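Only one structure is covered here, and it is reproduced in the block below.
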Amino acid sequence: MNAQQKNLVTLLTVALVAGGLGLYAYFGVMQPEEKEAQRKEAEEKVFAAHSPGERDTDGGAPPEPIFTWISVELPMGKTVMERQDNTWRITSPVSALADKTEVSNLLAQLSTAKFKATLEENPTDADLERYGLKQPRASVTTRAYVPDAQGGGANDPTRQRSSTVYFGVENNFDGSVYLRREGDPRVYTAQGALRFVLQKSTNEWRERVVFPVEESSLLRIEVKARKNAFTLERATTEKPWKLMQPVELRAASEQVTKMVSALNGHRAIIFPSQEDEEKVRRALEKPLVQATFVRKLGGPVRVRITELELGGFKQTVALSEWDSESMLARVDQRALDVLDLAPRDFKDRKVLAFSVREVNHITIHPAPGSEQLSLSLAPDTGKWEMAAPMVGIAQQFKVASLLGSLESLTAAAIVESNPKNWGRYGITGTSRGVTLRDATDTEVARLWIGSEVKGNPQRVWARGSSEDVLEVEKSALAALPLALTDLMDGVPGAASSP
């Protein structure tokens, strides 16, 4: 065989191999893909409440169904959820609130999920075995009703709909899932997202908010913790908080909001097993922390938190009870400290307690040797006027700036409460500062500015609406328009600023 013949044989061999590979690619890969592409497209919803082409009485598209009952059955167990008074609850195997977000995600999938394609019209047992539907991997049964024009129909038998869908294995080719519908022999494929949203144990469907309290809805808070006990109260949800016990003082609203928000942020880590529940409840009879939150609407929320040993480890557990609901769960250990606050933690660092709209008269007390300034709000014009040391119209935006700054003035630190000698801080009856009075000439707030803080030249001592010695930043006071030249135009000379 010469070289030319050898080359020809080689080419034929390569051609045969290539042809074999091509046939394999076609029959082994391409043909199934073509078969998949030729399968009947199915746009019908997986959980269909209406027949194809069905119209409402007005000729338009029928309304979407409202789901009222869902049963999710997995190898790990079965969870039944029911809509009661617009709230989803787990009714089996436990009675508990359902997680709003998880149920919303499930309902969104149930409402929109569609079949991708019909794979088998009349599947054999072998087909069902191949698709994982001989013994389904999961099933979902739903009940719903189609609302009438007024949104009713929940109790109308003619508007009730139910459906059960069985899930098979995952299609590794595209991540879709095989499924069948009760009463329908066909095998379908659908997007895998529907299967993923269902893969949850009963505890994963449960609401995990252990402490359902929000500061904006509360009127009273009573706490007894390991180190501290206190009571906070306010007349309405619009009023500021006051600490009532163990001492009475104006409370910092931002501190109360921070405390309640931190408590609300502690979610259930796990839920005690039935075997452990009795032991947990016994431990909670002697809680390390107990609190009552009185709400504007609804009954109080009662909270108990304690520690005990479970499974060889110390665990923190909590029980919340409100209206007809309760939540028992393990929480982070830090939940024990959220409410364990000392009275001083609630002290309001706002220097002055007043509202700008209360003020009709302003007196500015300067340093000794300077003239006192007096301003009043004219009742006829609603404008601020200078009354002393000269008479005239004040700069309105400057006065507004002064009042706004005084209203928001915050102490850098609280030094001492009810000192025996205010004079040691440079705070006396002749101290520089500001007095604010209302329309009846009643004092609504008074600021005394004392001497420089020892060891901190950037601050001065001050007194405001409380009986506390405060430290205030000099820069905050320097920004206040307190001089005559700040408050009026065309004033000859300059007055010293306190």
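The values are calculated or read from the model by the stated rules, or taken from the named source; none is laboratory data. What you see is a predicted model; the values in this text were computed from it and never measured. Positions of Cβ are generated from backbone atoms using ideal geometry, with glycine treated the same way; all protein chains shown enter the neighbour counts. Just so you know, the surface numbers come from the protein's heavy atoms only, side chains and all, with ligands and any DNA or RNA stripped out. Shrake-Rupley method; radii C 1.70, N 1.55, O 1.52, S 1.80 Å.
In this Cβ point-charge picture (+1 for Lys and Arg, -1 for Asp and Glu), the chain has a dipole of about 1200 debye about its Cα centre. Taking amide H as placed 1.01 Å from N in the peptide plane, Val453 has its amide H under 5 Å from the amide H of Arg459, Val460, Trp461, each at least 5 places away in sequence or on another chain. Region 121-135 to region 378-456: how many Å between their Cα centroids? Measuring centre to centre over Cα atoms gives 84 Å. Estimated from helical segments only, the mean residue ellipticity of the chain at 222 nm is -6000 deg cm²/dmol, where each DSSP H run of four or more residues counts as -39500 (n - 2.57).
Label-to-label distance, Ala193 versus Lys134, with points set 7 angstrom from Cα along the beta-carbon direction: 3.3 nm. Just to confirm a number: summing +1 for Lys and Arg and -1 for Asp and Glu over residues other than Val169 whose beta-carbon lies under 11 angstrom from that of Val169, what do you get? After counting each charged neighbour, the total is +2. Between the listed residues Pro123, Ser405, Ala252, the Cα displaced farthest toward the positive end of the dipole of the chain, a dipole computed from Cβ unit charges relative to the Cα centre, is found at Ala252. Net charge near Leu179: determine it from the other residues with C-beta under 14 Å of the C-beta of Leu179, scoring Lys and Arg +1 and Asp and Glu -1. Around Leu179, the charge tally is +3.
At a probe radius of 1.4 angstrom, the accessible area of the chain per residue rounds to 54 square angstrom. Given a 1.4 Å probe and every protein chain left where it sits, what share in percent of the accessible area of region 342-491 is carbon and sulfur? Carbon-and-sulfur percentage of accessible area, whole number: 48.
Remark: region 92-172 carries a charge dipole of roughly 200 debye about the Cα centre, counting +1 on each Lys and Arg Cβ and -1 on each Asp and Glu Cβ.
For the set Lys258, Lys474, the ranking by accessible area, highest first and with no ligand, DNA or RNA atoms included, is Lys258, Lys474 under a 1.4 Å probe. Scanning the chain for long hydrophobic helices, with DSSP H runs required to stretch 30 angstrom or more by C-alpha along their axis and to average at least 1.0 on the Kyte-Doolittle scale, returns 3-24. Descending by average beta-carbon neighbour count within 10 Å, the peptides 320-328, 273-281, 106-114 line up as 106-114, 320-328, 273-281, the highest first. Length gained on full extension, Glu309 to Glu321: 2.0 nm, using 0.36 nm per residue less the C-alpha separation. Placing a label point 7 Å from the Cα of Thr257 along the Cα-to-Cβ direction, the residues of region 331-364 with a backbone N closer than 15 Å are 348-350. State which entries of Lys239/Lys420; Lys100/Lys286; Lys420/Lys454; Lys347/Lys420; Lys227/Lys314; Lys78/Lys314 exceed 22 angstrom in Cα-Cα distance in the structure shown. Those over the limit are Lys239/Lys420; Lys100/Lys286; Lys78/Lys314. Of the listed values [x] 152; [y] 126; [z] 394, grab the one calculated as volume of the Cα convex hull per residue in Å³ from the structure here. After the calculation, the listed value that fits is [z]. Full extension of the chain between Val294 and Ala378 yields a length gain of 25.9 nm, computed as 0.36 nm times the residue separation minus the alpha carbon distance. Under the simplified labelling scheme, the Gln245-Asn264 pair shows an inter-label distance of 2.5 nm, with each label point 7 Å from Cα along Cα→Cβ.
The portion of the accessible surface of region 140-210 made up by carbon and sulfur, rounded to a whole percent, is 46 (1.4 Å probe; DNA, RNA and ligands excluded).
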